[in-house]
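Each remark here refers to the structure printed beneath this line.
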Amino acid sequence: MTAKPGDRVKVITKDEIKEGILMPNEETDSIIIKLDNGYNIGIDNKKAKEIKVIEKYKAKETTSKKEIKKDNKKPTISILHTGGTIASKVDYESGGVVASFSDEDFVNMFPEVKKIANIKSILVSNMMSEDMRFFHYKKMSDSIVKAIKDKVDGIIIGHGTDTLALTAAALSFVFENLPIPVILVGSQRSTDRGSTDAGVNLICAAEFIIKTDFIGVGICMHENTSDNSCLILPATKTKKLHTSRRDAFKAVNDKAIARVNYETKKIEFLKKYEKKSKEKLIIRDKFEDKVAIIKSYPNMFPDLIDTLTQKGYKGVVLEGTGIGLMPTNIKENKMNLDAIKKFMDSGGIAVITSNCIFGRVHKDIYSGTRLLKNIGVISGQDMLTETAFIKLAWLLGNFKKEEAKELMTKNLKGEINERLLGDEFLD
Ligand code: DAS
């Protein structure tokens, strides 16, 4: 019997037998099978003596589109899908990682969520988050506004992990006086792998929404590599610090807002948090496209900065070194300082942050920082580079330049901590 994608097979080579699910594979020179631990392995066709079908693939019966009956005794959570691995599974027929978005599919993937709340599953986009553009933030904020009008008790946004923290920051700036929690959730491991973190992250986010009076934007991801707890992390002070660990997301220059114990479903707040306000919801959902990030590096030439000037860019975040230095001090590097000055003379706003990630930039400690301050570069204080970029684009999208410059120095959504407690670091 010929093996087809999705079948459970045994691949027999002269040295070993490998068992798993046969994956479709364009390359004809290898056989790809997905092992039970979720990893895919390739076996050279030439080495395979036989492929034995253990069990034929049974396509899942297409889920009915019937509405899931709403339980009026339960809160309702809207789950907005944007893609990434959180709401996806491997479709063995197509071979792709496909998104599965209907309420029914979603609840079938994470049945535990149904016990917590009614789920309204909404497809916003189906994309990997490295491709996010500002118009995607608008789509998400429009979906949030609609969910608020539908009077849901909270929103979970399923999102790819790579730029999840930037989207969280963006949505945090867009909404003032959000009346409900909006929790972004990602997954480092796809849902078809035994080690997936998707379910635990989702359940913890849902438990947090229904059990607390937190409002505003937050992130819910694993606290450590085990499955026993998740952290609710601050929307403007979180960074993905590891490519694959399930606890990759850490608060930077800040603390996690809360811990959700997955076993006991208990919630422990770790710091003060935003509560519901009676003020009217304000939405400012524009972003200026012509804003960039330039990372400083040894032997830097002014070409990148000059290009921003020529292209009429309105803002740049300069990710400098240490406490906020750029290669501008020796005579060979004066060209960089001149380029920054030229950019600003053309009307651009420049903000300096640090490549150290933790800590804060200081504009007066070294002559180099004073050089930048004296030409009008704005201190990013302890802001993450990515958050400073999102904030600058959002300010320039919604405010006049002078007001944008002023607000860049003010703490609006927890993105600036005037005084670090000193213990915010990785340990
Ligand atoms: N490509 C990654 C992304 O969409 C997949 C993931 O981590 O969810 O951010």
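Summary of values
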| quantity | calculated |
| --- | --- |
| Residue within the range 374-397 that is under 27 Å from MET335 (Cβ atoms), in contact with a strand residue (DSSP E or B) (Cβ under 8 Å, 6 or more places away or on another chain), at pLDDT below 95 and not polar (S, T, N, Q) present | no |
| Residues within the range 144-191 that are of a type outside the set (Val, Ile, Thr), outside any helix (DSSP H, G or I) and within 15 Å of the ligand (Cβ to nearest atom), tallied | 10 |
| Of residues in the range 125-135 being in a strand (DSSP E or B) and of a type in the set (S, T, N, Q), the one surrounded by the most Cβ atoms within 10 Å (Cβ to Cβ) | SER125 |
| Condition met for ILE365 (more than 32 Å from the chain's Cα centre (by Cα) and closer than 30 Å to LYS255 by Cα) | yes |
| One residue from SER187, SER195 being more than 25 Å from ILE416 (Cα to Cα), surrounded by 21 or more Cβ atoms within 10 Å (Cβ to Cβ) and of a type in the set (Ser, Thr, Tyr) | SER187 |
| Scope the range 175-199; condition among the aliphatic types (A, V, I, L, M) and over 16 Å from ALA256 (Cβ atoms); matching residues | LEU178, ILE180, VAL182, ALA198 |
| Hits in the range 228-253 (condition: of a type outside the set (Gly, Ala, Ser), buried (at least 18 other Cβ atoms within 10 Å of the Cβ) and in a loop (DSSP other than H, G, I, E, B)) | THR236, LYS237, ARG246, ASP247, VAL252, ASN253 |
| Qualifying strands (runs of 3 or more DSSP E) (wholly inside the range 50-124; at least 3 residues being surrounded by 13 or more Cβ atoms within 10 Å (Cβ to Cβ), within 16 Å of the ligand (Cβ to nearest atom) and modelled with pLDDT of 85 or more) | 76-83 |
| Filtered residue count, the range 260-269, keeping only those that are surrounded by 16 or more Cβ atoms within 10 Å (Cβ to Cβ) and closer than 17 Å to ALA198 by Cα | 2 |
| Enumeration of residues in the range 126-138 that are away from the ligand (no atom under 16 Å from the Cβ) and either of a type in the set (Lys, Arg) or closer than 14 Å to ILE86 by Cα (or both) | LYS138 |
| Close pairs (9 angstrom Cβ cut-off, 6 or more residues apart or separate chains): in a helix (DSSP H, G or I) in the range 401-412, surrounded by fewer than 15 Cβ atoms within 10 Å (Cβ to Cβ) anywhere | LYS401/GLY347; LYS405/GLY376 |
| Residues being aromatic (Phe, Trp, Tyr) and modelled with pLDDT under 95 - total across the range 398-427 | 1 |
| Pairs, first within 14 Å of GLY322 (Cβ to Cβ) in the range 358-382, second of a type in the set (Asp, Glu), C-beta under 6 Å, six or more apart | ARG360/ASP382 |
| Test: ILE209 is touching a Pro at 6+ places or on another chain (Cβ under 8 Å), aliphatic (A, V, I, L, M) and either in a loop (DSSP other than H, G, I, E, B) or away from the ligand (no atom under 16 Å from the Cβ) (or both) | yes |
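Residue by residue, here is whether (1) among the β-branched types (Val, Ile, Thr); (2) at pLDDT 95 or above; (3) within 27 Å of PHE134 (Cα to Cα); (4) in a loop (DSSP other than H, G, I, E, B) holds:
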| residue | (1), (2), (3), (4) |
| --- | --- |
| LYS255 | no, no, no, yes |
| LYS278 | no, no, no, yes |
| PHE287 | no, yes, yes, yes |
| ALA292 | no, yes, yes, no |
| ASN299 | no, yes, no, yes |
| LEU304 | no, yes, yes, no |
| LEU308 | no, yes, yes, no |
| GLU319 | no, yes, yes, no |
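The values are calculated or read from the model by the stated rules, or taken from the named source; none is laboratory data. In this text the structure is predicted, and so the values were computed from the model without any measurement. No Cβ is skipped: glycine too gets one built from the backbone with ideal geometry, and neighbour counts run over all protein chains shown.
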